[in-house]
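Worksheet: the structure to be examined is printed underneath.
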Amino acid sequence: MKRFSLLLILCFSFFFFSCEEEVIEGCIDMTACNYNSEATEEPLGACNYPLESILEITYSEDFISGLVGEDVIAHINLQNSSCETVSIKVRKIFNSSEEASAYFCFAGVCFGSEVTVSPTTLILESFQEDDYFKGYFNSSIPGTYEVLYKFYLDNDPDVFIEKVITYEISAS
C-alpha cells in the first residue's frame, strides 16, 4: 500500500508540474484601447493607445500626374486612432468647371462630380484602417489642379483631418 501511495503521489506530481500554462498573447496594459484581461503575455507593439488626433491619414498620394481626358486616381487611407467606434464623412472642395471635374469613392460608394459631401458614412472601429478612398480627376485641358478632401466625424464636424491632392495633367 505504501508503494501504491508513493506511485500515486509521483503520478500527480508529474501531472501538476509538467503542465505548462496556456500562453494567451495580447495587450495586458489596462490603459490601452485593446486591453485583454485574459492575456498572459504581451508581444512588442501589442497595445493600441489613443492618439491626440482621432483621425489619421496613414497613406496618401499627394501628387498624381496623368494625361488630358483620362481619369487620374489618388488613394488615401484613413485610420481611427481612438478607443471608440467613429462615423466619418468626407467633403470635397474643388471649383468644378466644364474643363475639369473631380469625384470620389468613399465607404464603398462612388459619387459623381456634383457631390461635395458624402451622403454615406464610413464606420471605423478602434484603430481600424480603411483603404477604400479614391479621388478621381479628369480634365480636358493641361494644367495643375488641387482638390481638398476634408474627413470629419459625422457627430462632430470640428474634429477633422484634411488632405490636398495635386493633379498634374499634361497633353501627352
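The values are calculated or read from the model by the stated rules, or taken from the named source; none is laboratory data. The shown structure was predicted, so the numbers you read here are calculated from the model rather than taken from an experiment. All Cβ positions, glycine included, derive from the backbone under ideal geometry; neighbour counts span all protein chains shown.
Answer yes if at least one residue in the range 71-83 is hydrophobic (A, V, I, L, M, F, W, C), outside any strand (DSSP E or B) and at negative phi, and no otherwise. Give the derivation first.
From the range 71-83, those hydrophobic (A, V, I, L, M, F, W, C) are 72-74, 76, 78, 83; that's our starting set.
If we keep only those that are outside any strand (DSSP E or B) as well, we get 83.
Within this subset, residues satisfying the condition of being at negative phi are 83.
Looking for residues that are hydrophobic (A, V, I, L, M, F, W, C), outside any strand (DSSP E or B) and at negative phi, one finds at least one in the range 71-83, hence yes.
Check whether at least one residue in the range 34-50 is within 19 Å of the chain's Cα centre (by Cα), outside any loop (DSSP other than H, G, I, E, B) and among the hydrophobic types (A, V, I, L, M, F, W, C), and report yes or no.
Applying the first criterion (within 19 Å of the chain's Cα centre (by Cα)) to the range 34-50 yields 34, 45-50.
Filter once more, keeping what is outside any loop (DSSP other than H, G, I, E, B): none.
Scanning the range 34-50 turns up no residue that is within 19 Å of the chain's Cα centre (by Cα), outside any loop (DSSP other than H, G, I, E, B) and among the hydrophobic types (A, V, I, L, M, F, W, C).
Which one of these does THR58 not meet: (1) of a type in the set (Val, Ile, Thr); (2) more than 30 Å from ASN155 (Cα to Cα); (3) at pLDDT 95 or above?
In the conditions (1) of a type in the set (Val, Ile, Thr); (2) more than 30 Å from ASN155 (Cα to Cα); (3) at pLDDT 95 or above, THR58 misses (2) alone.
Considering each of ASP29, ASP130 in turn, give the residue that is in contact with a strand residue (DSSP E or B) (Cβ under 9 Å, 6 or more places away or on another chain), in a strand (DSSP E or B) and among the charged types (D, E, K, R). Step through it out loud before you land on a result.
Details: ASP29 fails: in a strand (DSSP E or B).
Among ASP29, ASP130, only ASP130 is in contact with a strand residue (DSSP E or B) (Cβ under 9 Å, 6 or more places away or on another chain), in a strand (DSSP E or B) and among the charged types (D, E, K, R).
So, in the range 95-122, exactly how many residues are under 30 Å from LEU51 (Cα atoms) and not in a strand (DSSP E or B)?
So the count comes out to 7.
If PHE127 satisfies all but one of (1) touching a Ser or Thr at 6+ places or on another chain (Cβ under 7 Å); (2) buried (at least 16 other Cβ atoms within 10 Å of the Cβ); (3) of a type outside the set (D, E, K, R); (4) farther than 21 Å from ILE54 by Cα, what's the number of the condition it fails?
Every condition holds for PHE127 apart from (4).
Collect the residues in the range 103-144 that are among the aromatic types (Phe, Trp, Tyr) and either in contact (Cβ under 8 Å) with a residue 24 or more places away in the chain or closer than 14 Å to ILE76 by Cα (or both), keeping them in residue-number order. First the steps, then the outcome.
We begin by selecting, within the range 103-144, every residue among the aromatic types (Phe, Trp, Tyr); these are 103-104, 106, 111, 127, 132-133, 136-137.
Residues satisfying the conditions are TYR103, PHE104, PHE106, PHE127, TYR132, PHE133, TYR136, PHE137.
Quick one: which residue in VAL109, VAL159, VAL115 is more than 30 Å from CYS47 (Cβ to Cβ) and under 20 Å from the mean Cα position of the chain (by Cα)?
Numbers: VAL159 fails: more than 30 Å from CYS47 (Cβ to Cβ); VAL115 fails: under 20 Å from the mean Cα position of the chain (by Cα).
After applying the criteria, what remains is VAL109.
Answer yes or no as to whether ALA46 is over 30 Å from SER113 (Cβ atoms) and either of a type in the set (A, V, I, L, M) or modelled with pLDDT of 95 or more (or both).
On the way: over 30 Å from SER113 (Cβ atoms): yes; either of a type in the set (A, V, I, L, M) or modelled with pLDDT of 95 or more (or both): yes.
Against the criterion (over 30 Å from SER113 (Cβ atoms) and either of a type in the set (A, V, I, L, M) or modelled with pLDDT of 95 or more (or both)), ALA46 qualifies.
Let me spell it out: the conditions are (1) at pLDDT below 95; (2) within 19 Å of the chain's Cα centre (by Cα), and GLU99 meets all of them except one. Which number is the exception?
(2)
Give SER53, SER65, SER87 a once-over and let me know the one that is closer than 15 Å to SER126 by Cα, assigned to a strand (DSSP E or B) and in contact (Cβ under 8 Å) with a residue 12 or more places away in the chain.
On the way: SER53 fails: assigned to a strand (DSSP E or B); SER65 fails: closer than 15 Å to SER126 by Cα.
Going through SER53, SER65, SER87 in turn, just one is closer than 15 Å to SER126 by Cα, assigned to a strand (DSSP E or B) and in contact (Cβ under 8 Å) with a residue 12 or more places away in the chain: SER87.
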